[in-house]
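No value in this document is a laboratory result; all are computed from the given coordinates. Being a predicted model, the structure only gives us computed values, none of them experimental. Note that each Cβ is placed from the backbone with ideal geometry, even for glycine, and that neighbours are counted across all protein chains shown.
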Amino acid sequence: MFLNTVLVTTLSVYFLLDGERVSAWLHKKTPLTYRERFSFLVDTVAKTVGGYIRGTIILNAIFAVITGIGLGLLGVPDSFLLAVLTFFLAFIPIVGAYFVTAICILFALPVGWITTLLSLIFLILLQGVLIGQILGPRIIGQAVGIHPIVAIFALLAGGELFGLLGALFAVPIAGVIQALLLAFWSTWQTNHPGQFPQEDGAVKKPVIL
């Protein structure tokens, strides 16, 4: 499972870096009849995945910086190294946070039980409250284009149903589904204007889907 997660993450990074060329190639290979719709789908997926990766990098960087500073203030040795490990381990959904906690506690043990206890409390509050409930849903949700509450439920549902890979893909999939539903709804409104009377001065922009 760990190797699968690393593979998916690596492919996602390559897709982010080379996404425009891939989209252009797919656009040329698609039949003219379906080209506009297919291009919309590819662009939606590319923007959602790219936003998810960028949001995850930002969130992990914040997580790592706060972890390093907090552990350093508590007197845990090698706090910079722990911050770097936190950044990379946080890419592993769900279990990455447990790895971070376990490693940090091992580094804190030689200092004393008080430092170890304070470090454990600090990490639990940081991961479970600040990152998991406040910053995470907001940063990732905004990057993907979904509400933070939707991001939380998507992550929980994906992890519960499909494990680590489900948690990894849940939020970007939710973002793609929302974008497609909004596009479909916009197209439906455009094709059935009589059912959706517009306010004076309102201008609707049709979406091809």
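Annotations
- ³J(HN,Hα), Karplus 6.51/-1.76/1.60, whole Hz, each residue of the range 27-43, x for Gly, Pro: 4, 5, 7, 7, x, 4, 4, 10, 4, 5, 5, 5, 5, 4, 5, 5, 5
- Annotation: average projected area of the range 99-158 is 4.5 square nanometres, based on the convex hull of Cα atoms across all directions.
- Shown for 48, 101: other C-beta atoms within 10 Å of each C-beta, ranked fewest to most, produce the order 101, 48.
- Sorting 138, 21 by the number of Cβ atoms found within 10 Å of their own Cβ, with the fewest placed first, yields 21, 138.
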